[in-house]
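S.K.: There's a structure below that I have some questions on.
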Amino acid sequence: MLTRKQKELLDYLTAHAEKSEVSPSFDEMRDALGLASKSGIHRLVSGLEERGYIRRLANRARAIEILKPVSSAAADFGRSVAAAVDAVRLPLLGKIAAGTPIEALSDPSNQLEVPASMLGRGEHFALEIVGDSMMEAGILDGDTVVIERAETANHGDIVVALIQKQEATLKTLLKEPGRIGLQAENPSYETRYFQTDDVEVQGRLTGLIRKY
């Protein structure tokens, strides 16, 4: 069965093939689906190929052959929706600190079902929170946050930030002249400041799931 994004990509590839003999670039596919990075497109293309809907032709750049028609994908997608109404499976990549930064784990084999209403048009993933530094923003130890992949964010957004390419944390982003602040939402923690190049935004908070 296809995910929503896999079907969107197959629809786009099919429509593009009717107008051009040259397959779209990964940048064009990313823009068409509204994703933030090409890595998401790589995963979608691989998923379609594994399920037998497309084939990437060897030794030819930008060459994708469609093996199954869109109607087959629509039927598969319909069965998927019927099996899980208004639910989307996201990769649960591991744990992230809302306290002293820790390394973000990466285990895309774990999955989490979330309501589709929590998601926008982009690519999303989930992380489990460790620590209490965001408690005054309503984010507690043990919560699961839903993150939209993004490389940029606005001042005041709650983001997943990668610090010096080694540590990841969930904090409020502060943009100041010549530096970036990562602000905790707990008075027990100080705001940490870094040079602009030392902090990479990896995503923005879009939702939260809590188990009681």
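S.K.: Over the stretch 88-209, what relative contact order in percent results from Cα pairs under 8 Å that are six or more residues apart? If you can, show how the numbers build up before the last one.
M.R.: Numbers: 316 pairs, mean separation 32.5, N = 122.
It comes to 27 percent, rounded to a whole number.
S.K.: According to a simple spin-label model (label point 7 Å from Cα along Cα-to-Cβ), what is the distance in nm between Arg55 and Lys165?
M.R.: Distance between label points: 3.9 nm.
S.K.: With only alpha-carbon pairs counted, each pair once and no self-pairs, how large is the Kirkwood hydrodynamic radius of the stretch 112-212 in angstroms?
M.R.: For the stretch 112-212, the Kirkwood estimate is 13.9 Å.
S.K.: In addition: Based on the Cβ-Cβ distance from Glu200 to Glu21, what FRET efficiency comes out when R0 is 30 Å, to the nearest 0.05?
M.R.: After rounding, the FRET efficiency stands at 0.20.
S.K.: Starting from the Cα gyration tensor of the stretch 150-209, take the square roots of the eigenvalues, sort them a ≥ b ≥ c, and report rounded, prolate or oblate (rounded when a/c is under 1.5, otherwise prolate if a/b is larger than b/c, else oblate).
M.R.: rounded
S.K.: At a Förster radius of 25 Å, what calculated FRET efficiency corresponds to the Cβ-Cβ distance of Arg4 and Glu28, to the nearest 0.05?
M.R.: 0.80
S.K.: Within straight cross-link reach of Lys211, meaning Cα distance under 19 Å, which lysines are found once same-chain residues fewer than 8 apart are removed?
M.R.: Lys95
Bear in mind these aren't lab numbers, they're just calculated from the coordinates by the rules spelled out. Remember, predicted model here, so these are calculated numbers, not experimental data. Note: ideal-geometry Cβ built from the backbone for every residue, glycine included; neighbour counts use all protein chains shown.
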